[in-house]
Structures are given as C-alpha cells and as structure tokens.
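Novice: Okay, here's the structure, questions in a sec.
Every number in this text was worked out from the coordinates using simple rules, so none of it is lab data. Bear in mind the structure is a predicted one, so any value in this text is a computation, not a measurement. Note that we place each Cβ from the backbone using ideal geometry, even for glycine, and neighbour counts take in every protein chain shown.
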C-alpha cells in the first residue's frame, strides 16, 4: 500500500520474483496476511490480476474470494477464474455467523462452481467464530462441491 492507502501494485512483481527465487511452490492471494478482506472488490480484483500476471503460470495461485456478501464472492470467484487462478478459497461469512454446515455449503454453492478448479475452505475460527468439525465439513462437501479439495 502507498502511504495514502491506495494499492502499490508496482511491488507485486518484485515480491513474486523473490518468492519464486526462494522456491515458493504456490501463492495464496488476498488472504488475511495480505489483508484481502479489508480491500474493496475492485482492489481485490486488481491485486489478484497483478499476482496472476506476475506469476505468468510458473506456480499455482490460489485467490481468496470469501466475503460477507455472496454477491461479492460470486464476482470475485468469476474474476479469479477469468484471470487464470489455479484455485479459489473462501472464509465463511463473518458478520452474520454461519451456525450449521448445511448453510455454509449453501453459501459456497452460490459461487464455488463459478471457478472450475479446486476450492479450499479457509478455516480461521478465531476470526470467523465458526466452530465446525472440519472433517465433517469436508465429508459433506464431497457430494455437494466436488471441487472442494481441502
């Protein structure tokens, strides 16, 4: 970020080159460390595009598309697909807590199929306050979301 809070996308390419030189096997873009959930849709899309362009297919890129708004998550998932992401990932909605696994899967079914590659659940209960048995979640997702891989 620039001091004024705008994106500093010029830093993406040097970061990617350093990570690839250090043998990173994949990148996870717009996650918590990258403050993805604090960015606007447009900013998240610009960050994802910048990383995907800089990587240029050399290593897989997973784009975190989770959002409190399922409409926004759909936009982000479709954008990740259109720009060549290897996979998408999502945290559950955080403001209105999801209290049943079936509801979480209902949410994901609204955007995960927009990306025709792998889907990963981003499990950070300390931040999302979701307290699910992850093994049960993965078991249930096999039939409803065949692209859910982890």
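Novice: Could you please let me know if residue 90 is under 16 Å from residue 119 (Cβ atoms) and either without any contact (Cβ under 8 Å) to a residue 12 or more places away in the chain or surrounded by fewer than 16 Cβ atoms within 10 Å (Cβ to Cβ) (or both)?
Specialist: Answer is no for this residue.
Novice: Let me ask another. Tell me which of these residue 103 doesn't satisfy, since it passes every other one: (1) in contact (Cβ under 8 Å) with a residue 12 or more places away in the chain; (2) surrounded by fewer than 18 Cβ atoms within 10 Å (Cβ to Cβ).
Specialist: Just one mismatch for residue 103, condition (1).
Novice: Cβ-Cβ under 7 Å, sequence separation 6+ or interchain: first residue in region 10-23 and free of Cβ contacts under 8 Å to residues at least 60 places away in the same chain, partner surrounded by 12 or more Cβ atoms within 10 Å (Cβ to Cβ) and part of a helix (DSSP H, G or I). Which pairs?
Specialist: 12/50; 12/51; 12/54; 13/54; 16/51; 16/54; 16/55
Novice: Given the structure, is residue 108 in contact with a helix residue (DSSP H, G or I) (Cβ under 9 Å, 6 or more places away or on another chain), part of a helix (DSSP H, G or I) and within 20 Å of residue 140 (Cα to Cα)?
Specialist: Details: in contact with a helix residue (DSSP H, G or I) (Cβ under 9 Å, 6 or more places away or on another chain): yes; part of a helix (DSSP H, G or I): yes; within 20 Å of residue 140 (Cα to Cα): yes.
So residue 108 fits the description; yes.
Novice: Moving on. From the residues in region 55-64 that are out of contact with any helix residue (DSSP H, G or I) (no Cβ under 7 Å at 6 or more places or on another chain) and touching a residue at least 24 places away in the same chain (Cβ under 8 Å), which one is surrounded by the fewest Cβ atoms within 10 Å (Cβ to Cβ)? Even if it seems obvious, please write down each step before you answer.
Specialist: Within region 55-64, the subset out of contact with any helix residue (DSSP H, G or I) (no Cβ under 7 Å at 6 or more places or on another chain) is 56-57, 60, 62.
Those still in the list that are touching a residue at least 24 places away in the same chain (Cβ under 8 Å) too: 57, 60, 62.
Values: 57: 9, 60: 15, 62: 22.
Across region 55-64, the extreme among qualifying residues is 57.
Novice: Can you name the residue in region 65-75 that is surrounded by 15 or more Cβ atoms within 10 Å (Cβ to Cβ) and without any contact (Cβ under 8 Å) to a residue 40 or more places away in the chain and is also nearest to residue 146 (Cα to Cα) among such residues?
Specialist: 73
Novice: Of the residues 27, 52, only one is touching a helix residue (DSSP H, G or I) at 6+ places or on another chain (Cβ under 9 Å), closer than 25 Å to residue 128 by Cα and either surrounded by fewer than 16 Cβ atoms within 10 Å (Cβ to Cβ) or without any contact (Cβ under 8 Å) to a residue 40 or more places away in the chain (or both); which?
Specialist: 27
Novice: Could I ask something else about it? Looking at 119, 95, can you tell me which residue is touching a residue at least 24 places away in the same chain (Cβ under 8 Å) and in a strand (DSSP E or B)?
Specialist: Result: 119 is the single residue among 119, 95 that is touching a residue at least 24 places away in the same chain (Cβ under 8 Å) and in a strand (DSSP E or B).
Novice: Determine whether region 84-91 contains at least one residue that is assigned to a loop (DSSP other than H, G, I, E, B) and under 17 Å from residue 137 (Cα atoms).
Specialist: Yes, region 84-91 contains at least one residue that is assigned to a loop (DSSP other than H, G, I, E, B) and under 17 Å from residue 137 (Cα atoms).
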